[in-house]
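The values are calculated or read from the model by the stated rules, or taken from the named source; none is laboratory data. Remember, predicted model here, so these are calculated numbers, not experimental data. Counting neighbours? That spans all protein chains shown, and the Cβs are built from the backbone with ideal geometry, glycine included. SASA here: full protein model, heavy atoms, side chains in, ligands and nucleic acids out. Shrake-Rupley method; radii C 1.70, N 1.55, O 1.52, S 1.80 Å.
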Amino acid sequence: MKFPIYLDYAATTPVDVRVAEKMMKYLTISGIFGNPSSSSHVYGWKAYEAVSSARNNIASFFGVCPEDIIFTSGATESNNLAIKGIVYAYQSRGKHIITSMTEHKSVLNTFYYLKKLGFLVTFLFPGRDGLISLESLKKEIRYDTILVSLIHANNETGVIQDVEMFGKFCRSKGIFFHVDATQSVGKLSINLMKLPIDLMSFNSHKVYGPKGVGGLFIRKKYKIHIKAQIHGGGQEYGIRSGTLPVHQIVGMGEAYRILHEEMKIEVHRFKYLKHYLLNGLQKITKISVNGTLKNSISTLLNVAFHNINSSILILELHDIAVSPSSACVSSTYESSYVLHSMGCNNDTINSSVRFSLGRFTTFEEIKFSLYKIKSAIFRLRDSNML
Ligand SMILES: *Cc1c(COP(=O)(O)O)cnc(C)c1O
């Protein structure tokens with residue numbers, strides 16, 4: 001079977017070969033397989049060293065101290081831990097929390113869950129361009145607001161929220177600010193030494209590392225205390241118990257080391273490829289881009305092909321692996337709540353496709369994809385079915 005061209009990097013990325021090679025040294029009897037918590041022998045020491053070195057890579061990528069990074073099983077867990085960890089620890093101060101309608105499900109459903117538990121929850125709506133305004137946040141702030149959680153770059157539209165602006169405002173009000181940076185890592189420079197962010201979630205598998213590992217940044221300097229959600233051996237400063245998956249963490253560390261070194265050049269290439277893809281798509285009639293292009297990451301393009309159902313288009317595009325504007329929702333196609341919250345009409349929502357490119361995308365692949373997309377659209381619009 002010939003595999004289609006992969007243009008779904010926002011769903012997950014292949015592990016970089018350099019990462020996989022490094023990970024393999026941390027599994028078998030001839031490698032470093034110890035438990036990093038075993039402090040009585042060299043197997044444990046070596047494993048501990050490997051974890052520390054990965055933590056250092058990640059911390060230096062974000063410009064923070066290694067002590068501020070906690071390993072988790074992925075961004076879903078990091079989002080849960082950050083949000084629940086804060087609200088359970090600080091609920092005596094207030095029970096009001098704010099997020100947006102364009103969050104990833106792991107934030108949105110955590111908020112819905114907390115609402116059921118009796119927390120007061122506000123969801124901010126973006127404008128037609130996908131951007132949340134500071135005014136809308138200012139309007140919703142109350143005396144008992146304890147947390148604001150916002151996505152940095154959206155996984156469906158690529159739209160970037162101005163987290164610096166929101167962070168400054170939250171800090172001026174003494175409100176905790178959490179950011180889901182899972183999609184922005186590797187595309188935008190994120191300097192946490194400067195950005196007023198208190199907690200930030202990220203993972204490994206969206207940046208060429210293995211699945212099943214992620215991280216949470218917690219600004220220790222501010223003595224932010226979060227309640228553990230998993231109890232056990234007290235690993236990760238007691239915030240996240242469980243034996244550390246050394247090979248996964250080593251892989252993630254290597255993925256971030258590579259990003260640190262290569263991101264600038266890589267993003268330059270992404271911009272060029274996205275521009276080429278966009279130009280080509282714009283030659284097709286009746287298309288529109290969802291979300292502002294001015295504030296969007298270089299790897300993602302969400303396009304509505306009006307009057308064409310995206311699931312039919314995707315079937316027709318069997319040479320290209322893309323997602324309708326809503327992946328991640330098990331195996332059922334649920335129409336996109338992100339586009340809905342932006343005020344897109346049903347035709348736009350049902351005809352939108354997310355193209356996302358990455359490290360291994362070539363110019364030839366984009367060219368070939370454009371050719372295939374154009375001919376598929378031509379066939380579908382020509383047939384009376386639609
Ligand atoms: C993929 C993704 C997540 C979930 O990450 P996992 O590591 O797969 O749990 C969370 N937020 C955003 C924005 C994502 O794109």
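Taking segment 35-73 only, how many residues are open to solvent by 10 Å² or more (accessible area, probe 1.4 Å) and within 16 Å of the ligand (Cβ to nearest atom)?
Matching residues across segment 35-73 total 1.
Mind checking which residues of segment 124-147 are charged (D, E, K, R) and within 16 Å of the ligand (Cβ to nearest atom)?
To start, the set of residues in segment 124-147 that are charged (D, E, K, R) comprises 128-129, 135, 138-140, 142, 144.
Across segment 124-147, there are no qualifying residues.
Of the residues that sit in segment 93-106 and are within 16 Å of the chain's Cα centre (by Cα) and buried (at least 19 other Cβ atoms within 10 Å of the Cβ), which one is nearest to the ligand (Cβ to nearest atom)? Break it down stepwise before answering.
So the first thing to find is which residues in segment 93-106 are within 16 Å of the chain's Cα centre (by Cα), and the list is 99-106.
Checking the rest, the ones that are also buried (at least 19 other Cβ atoms within 10 Å of the Cβ) come to 99-100, 102-104, 106.
Numbers: 99: 12, 100: 12, 102: 10, 103: 8, 104: 3, 106: 5 Å.
Per the criteria, the residue is 104.
Scan segment 182-196 for residues that are within 15 Å of the ligand (Cβ to nearest atom) and over 19 Å from residue 259 (Cα atoms) and jot them down. Can you show your working first?
Looking only at segment 182-196, we keep the residues that are within 15 Å of the ligand (Cβ to nearest atom), and these are 182-188, 190.
Result: no residue meets the conditions.
Which residues, taken from segment 162-181, are in contact (Cβ under 8 Å) with a residue 40 or more places away in the chain, within 16 Å of the ligand (Cβ to nearest atom) and either aromatic (Phe, Trp, Tyr) or touching a His at 6+ places or on another chain (Cβ under 7 Å) (or both)?
Correct list: 180 only.
Quickly run through segment 227-248 and pick out the residues that are touching a Lys or Arg at 6+ places or on another chain (Cβ under 8 Å) and among the aliphatic types (A, V, I, L, M).
To start, the set of residues in segment 227-248 that are touching a Lys or Arg at 6+ places or on another chain (Cβ under 8 Å) comprises 227-230.
Selection gives 228, 230.
List every residue pair whose Cβ atoms sit under 6 Å apart, with the two residues 6 or more apart in sequence or on different chains, where the first one lies in segment 28-43 and is of a type in the set (S, T, N, Q) and the second, anywhere, is open to solvent by 50 Å² or more (accessible area, probe 1.4 Å) and in a loop (DSSP other than H, G, I, E, B).
Filtered contacts from segment 28-43: 35/243.
How about segment 287-326: which of its residues are without any contact (Cβ under 8 Å) to a residue 40 or more places away in the chain and either surrounded by fewer than 20 Cβ atoms within 10 Å (Cβ to Cβ) or among the aromatic types (Phe, Trp, Tyr) (or both)?
Initially, segment 287-326 is screened for residues without any contact (Cβ under 8 Å) to a residue 40 or more places away in the chain, giving 287, 289, 293-294, 311, 314-315, 324.
Listed by number, the residues that qualify are 287, 289, 293, 294, 311, 314, 315.
Please state which of the following conditions residue 90 fails to meet, knowing it meets all the rest: (1) within 16 Å of the ligand (Cβ to nearest atom); (2) in contact with a His (Cβ under 9 Å, 6 or more places away or on another chain); (3) open to solvent by 10 Å² or more (accessible area, probe 1.4 Å); (4) not acidic (Asp, Glu).
Status for residue 90: all satisfied but (1).
Got a number for residues in segment 147-167 being assigned to a strand (DSSP E or B) and open to solvent by 10 Å² or more (accessible area, probe 1.4 Å)?
Here is the first cut: in segment 147-167, the residues assigned to a strand (DSSP E or B) are 147-151, 153, 159-160.
From what is left, the residues that are open to solvent by 10 Å² or more (accessible area, probe 1.4 Å) are 160.
Here the count works out to 1.
Can we say residue 150 is within 16 Å of the ligand (Cβ to nearest atom) and modelled with pLDDT of 95 or more? Write out each step before concluding.
Values: within 16 Å of the ligand (Cβ to nearest atom): yes; modelled with pLDDT of 95 or more: yes.
Yes; evaluated as a whole, the condition is true for this residue.
Pairs, please: C-beta under 9 Å, at least 6 apart or cross-chain, first residue under 15 Å from residue 99 (Cα atoms) and free of Cβ contacts under 8 Å to residues at least 12 places away in the same chain and in segment 73-85, second more than 7 Å from the ligand (Cβ to nearest atom) and of a type outside the set (A, V, I, L, M, F, W, C)?
Once the first residue is under 15 Å from residue 99 (Cα atoms) and free of Cβ contacts under 8 Å to residues at least 12 places away in the same chain and sits in segment 73-85, no partner that is more than 7 Å from the ligand (Cβ to nearest atom) and of a type outside the set (A, V, I, L, M, F, W, C) comes close enough.
Output the number of the condition that residue 31 fails; it satisfies all remaining conditions of (1) more than 19 Å from the chain's Cα centre (by Cα); (2) at positive phi.
For residue 31, the failing item is (2).
Hey, could you check segment 201-260 for residues that are open to solvent by 20 Å² or more (accessible area, probe 1.4 Å) and of a type in the set (Ser, Thr, Tyr) and say which is farthest from residue 149 (Cα to Cα)?
Filtering first and then ranking leaves 243.
Of all residues in segment 1-13, which are away from the ligand (no atom under 15 Å from the Cβ) and either in a loop (DSSP other than H, G, I, E, B) or small (Gly, Ala, Ser) (or both)?
Here is the first cut: in segment 1-13, the ones away from the ligand (no atom under 15 Å from the Cβ) are 1-7.
Those that are away from the ligand (no atom under 15 Å from the Cβ) and either in a loop (DSSP other than H, G, I, E, B) or small (Gly, Ala, Ser) (or both): 1, 2, 3, 4, 7.
Take the residues of segment 327-343 that are touching a helix residue (DSSP H, G or I) at 6+ places or on another chain (Cβ under 9 Å) and modelled with pLDDT under 60: which is surrounded by the most Cβ atoms within 10 Å (Cβ to Cβ)?
328
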